[in-house]
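The structure appears below as structure tokens.
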Amino acid sequence: MANDKWSIAPSLVINRERGILYSTATANNANFMVGSFQILPTTKNSGGWSLVWNLFFPTTNNQRPTTKMAGWGGVKRGYRSCKVVGLCILLFSLAMIGLPALLVRGCSWSGPSQTRQQGPMVRLQLQTGQVVTMPLEEYLVGVVAAEMPAEFHPEALKAQAVAARTYTLLRLSTQNGNNKLFDADLSTDPENSQAWIPVSEMRRRWGALSFGYYYSKITAAIRDTAGEVVVYRGQLIDPVYYASCGGLGTEDAAAVWGYDVPYLKGVACNWDPPSQQQPVAAAFTYDDLFRRLDIPDKAVPSGAGLGGLVRVLDRTARGRVKDLKVATETFMATDFRKLLNLRSTDFTVKDVGSKVVFETRGYGHAVGMCQWGAQGMALQGKNYKEILTYYYRGVQVVPYQDSQP
Ligand SMILES: [Zn+2]
């Protein structure tokens, strides 16, 4: 047995310090099986170890394998066929180890490093209150991942990436009284700024198998639009967006928020899928409704019925509720929506016995870019610049200059 000659063909070595290695070492008198695993100490008592997957073969045909090789040696094959089998095993090994590693690591060797480009740094306040600093382009990965479904078309993701970059640079350049944060530029709270999620949350949402694909898709959207922003007459815009207009089209900022913004004008939107146009019901008991709206009992006329209780006073040109009156109180629809946590201001009201039901369509404030509309435009072959210049009127997509406010 000791005289058997074996040459070691490629081995796959997973080294604790050095990662996955490919070894072509040659040795004699080896007496372990093809495909066997070994754990070997690294040199000079360093405490390290290597996991070796041996893919070696006999150098000659006439050597009988040892009893330890019985499983393999019973098959009489030449060196050439061994080589073929060995190659197959090697490829299989790479597929079994390399691919999962690539997915689990999220293509990190071609992902974050390429988005870490020169540019502004963002001080981000996390939900815990902790402030972390990171490059803008890296921050944008977490924003796009949080703000738009990763399944969306690459051009829609690019539009989102440029909008998010524009918003961030606008916030970085206007450190004014509106910023409620002391030590940070932005927070992860979508109420205060853009939503943002860390890589661990992306992994949780997408799952280990899809993580690599979606992560590289989003980093590509950011990399392919690197440094690009949306400007109106040379000034960064406030690129507001929302999930879906429900097919009703977008609104003028003036109709929703009461102040005019030249590039935030209502446009038709014919791309929201039927799933986004279905009414979604939100039901409230009368007591709950009055409590949320802070309406005292005495303001509620007894036996008034729904018609006398909830009245729409005004609608936007596109038909969304603009102002309404509940009992004796008048509300702007945007405030009303927040108080009841409704999905949109495109709603109808129903009385179903002991409850009031609001049926909403679409999701969001309906000013600026409709994300589902952007997805629909992308699916019809429009690129991100066409999407952005459609939803933001009179704007340009340009490389960011530091001199821009
Ligand atoms: Zn839309």
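Laid out as a table, the results:
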{"read-out": "Criterion violated by residue 248 - all others in (1) at pLDDT 95 or above; (2) within 16 Å of the ligand (Cβ to nearest atom); (3) among the hydrophobic types (A, V, I, L, M, F, W, C) satisfied", "value": "(1)"}
{"read-out": "First in the stretch 366-379 and near the ligand (Cβ under 8 Å from one of its atoms), second anywhere and part of a helix (DSSP H, G or I), Cβ under 6 Å, 6 or more apart", "value": "372/276"}
{"read-out": "Condition broken by residue 302, with the remaining ones in (1) in a loop (DSSP other than H, G, I, E, B); (2) over 28 Å from the mean Cα position of the chain (by Cα); (3) modelled with pLDDT under 95; (4) surrounded by 12 or more Cβ atoms within 10 Å (Cβ to Cβ) satisfied", "value": "(4)"}
{"read-out": "In the stretch 361-393, residue farthest from the chain's Cα centre (by Cα) [restricted to those that are crowded, with 22+ Cβ neighbours inside 10 Å and β-branched (Val, Ile, Thr)]", "value": "367"}
{"read-out": "Subset of the stretch 202-225 [outside any helix (DSSP H, G or I) and closer than 20 Å to residue 392 by Cβ]", "value": "225"}
{"read-out": "Selection status of residue 337, of a type in the set (Lys, Arg) and part of a loop (DSSP other than H, G, I, E, B)", "value": "no"}
{"read-out": "Yes/no for residue 327 being small (Gly, Ala, Ser) and in contact (Cβ under 8 Å) with a residue 60 or more places away in the chain", "value": "no"}
{"read-out": "Considering residues of the stretch 239-261 that are in a loop (DSSP other than H, G, I, E, B) and in contact with a Phe, Trp or Tyr (Cβ under 7 Å, 6 or more places away or on another chain) only, the residue farthest from residue 365 (Cα to Cα)", "value": "239"}
{"read-out": "Residue within the stretch 346-356 that is crowded, with 19+ Cβ neighbours inside 10 Å, at pLDDT below 95, assigned to a loop (DSSP other than H, G, I, E, B) and not hydrophobic (A, V, I, L, M, F, W, C) present", "value": "yes"}
{"read-out": "Which numbered condition residue 267 fails, given (1) away from the ligand (no atom under 16 Å from the Cβ); (2) at pLDDT 95 or above", "value": "(1)"}
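The rows are residues; the columns are (1) within 19 Å of residue 158 (Cβ to Cβ); (2) in the same structural domain as residue 143 (by TED's automatic domain parsing); (3) touching a residue at least 60 places away in the same chain (Cβ under 8 Å); (4) out of contact with any Cys (no Cβ under 8 Å at 6 or more places or on another chain).
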position: 208; (1), (2), (3), (4): no, yes, yes, yes
position: 220; (1), (2), (3), (4): yes, yes, yes, yes
position: 231; (1), (2), (3), (4): yes, yes, yes, yes
position: 235; (1), (2), (3), (4): no, yes, yes, yes
position: 241; (1), (2), (3), (4): yes, yes, yes, no
position: 257; (1), (2), (3), (4): no, yes, yes, yes
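The values are calculated or read from the model by the stated rules, or taken from the named source; none is laboratory data. This structure is a prediction, so every number in the text was calculated from the model and none was measured. Backbone-built Cβ (ideal geometry, glycine too); neighbour counts: all protein chains shown.
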